[in-house]
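*Asks:* The structure is given below, and queries will be raised subsequently.
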Amino acid sequence: MKFDLRSLSTAALVALQGALLSACASAPKSDTAPAPAATVATPAAAPASPSPAPAAAATTPAAAATAVPAKVPTAREIVDRYVAAIGGRDQILKHGSRRVTGTLEIPAAGLTGAMTAVSAKPNRMAVTINIPGLGDMRQGYDGTVGWSLDPTQGPMVLSGKALDQRKQQAQFYSELHDAKDYASMETVGLVDFNGAQAYKVKLVRANGDSTFELFDPTSGLMVGMISTQDSPMGAMTITSTIGDYKPFGGIQVATKSTQTFATGQKVNLTVSNVEYDVVDPKAFELPTEIKTLSSGAKK
């Protein structure tokens, strides 16, 4: 399951990729078509830009004005403005751990579950979703071992590209977009995304994996993401729409997310609360089943 809400750090919520895909695989297929790919608009046709919104404003994409700068900024400028919009680098670095609670919904299957996601610097995370009738779907990374444990797939220790992706997802300060984590960052252009304009930024990591992130040109906030992730069902493209920013711990957090999978499945996430610096380190200990598998793999 992919909940890549960067305002929550690509750590905790991104983590449930495999569990979500498993749930979607067993759920009835949605009749809703996947979100259309973003199309590039001509920057020169955009009207003049107003003054930027205050950094701390909890602006939602729907409420943002449509006026945008005539000159398309660089990827670094767009990312830095996003960091400022959610609270600023210093405020983000004040925190060393995070607990997120909320609900997850798979509309086509009529399923709703409670979610708890914990994460800590530099790269630890553990996520649990309890869906009535299916049970607990869990995933995590303890700094070394990436794992998943759920009723549909059983215990699994990640390796290869799946483990590499989990390491990326577990980075606690990923919203800062540290230059050392990327081989390149470039602005694709001003595009149409869900009926509004957005700056589309392409991020390429050293291993060649690429992700597209979309940002509101007026508020600076992230409004979406397009990525391809490995899963038990193979590589899958996921388009995420995020918004409804609210302040927690001095940081603007996107509390609504809709993930649209290439299969047409949609998954909705609603964040109800975010707490900082309250996570017990024991929360990242490997489950017994994962310890057994991990020990066996090392022999």
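*Asks:* Under 5 Å between amide H atoms, partner at least 5 residues away or on a different chain: which partners does Leu221 have, H built in plane at 1.01 Å?
*Replies:* Amide H to amide H, under 5 Å and 5 or more residues apart or across chains, Leu221 pairs with Asp216.
*Asks:* Return the sequence-ordered ³J(HN,Hα) values of the stretch 264-275 in whole Hz as given by the Karplus equation 6.51 cos²θ - 1.76 cosθ + 1.60 applied to θ = phi - 60°, using x for Gly and Pro.
*Replies:* x, 5, 10, 10, 10, 10, 10, 8, 9, 7, 10, 10
*Asks:* Rounded to whole Hz and in sequence order, give me ³J(HN,Hα) for the stretch 201-213 from the Karplus expression 6.51 cos²θ - 1.76 cosθ + 1.60, θ = phi - 60°, writing x for Gly and Pro.
*Replies:* 10, 9, 10, 10, 8, 4, 7, x, 5, 10, 9, 10, 10
*Asks:* Please list 3J(HN,Hα) in residue order for the stretch 87-102, calculated via the Karplus relation 6.51 cos²θ - 1.76 cosθ + 1.60 where θ = phi - 60°; whole Hz, with x for glycine and proline.
*Replies:* x, x, 4, 4, 5, 5, 6, 5, 9, x, 8, 8, 10, 10, 10, x
*Asks:* Once amide H atoms are placed 1.01 Å from N in the peptide plane, what residues at a sequence separation of 5 or more from Val253, or on another chain, have their amide H within under 5 Å of its amide H?
*Replies:* Lys246, Phe248
Read the figures in this text as sums done on the coordinates, not as results from a lab. These numbers were taken from a predicted model, which means no experiment stands behind them.
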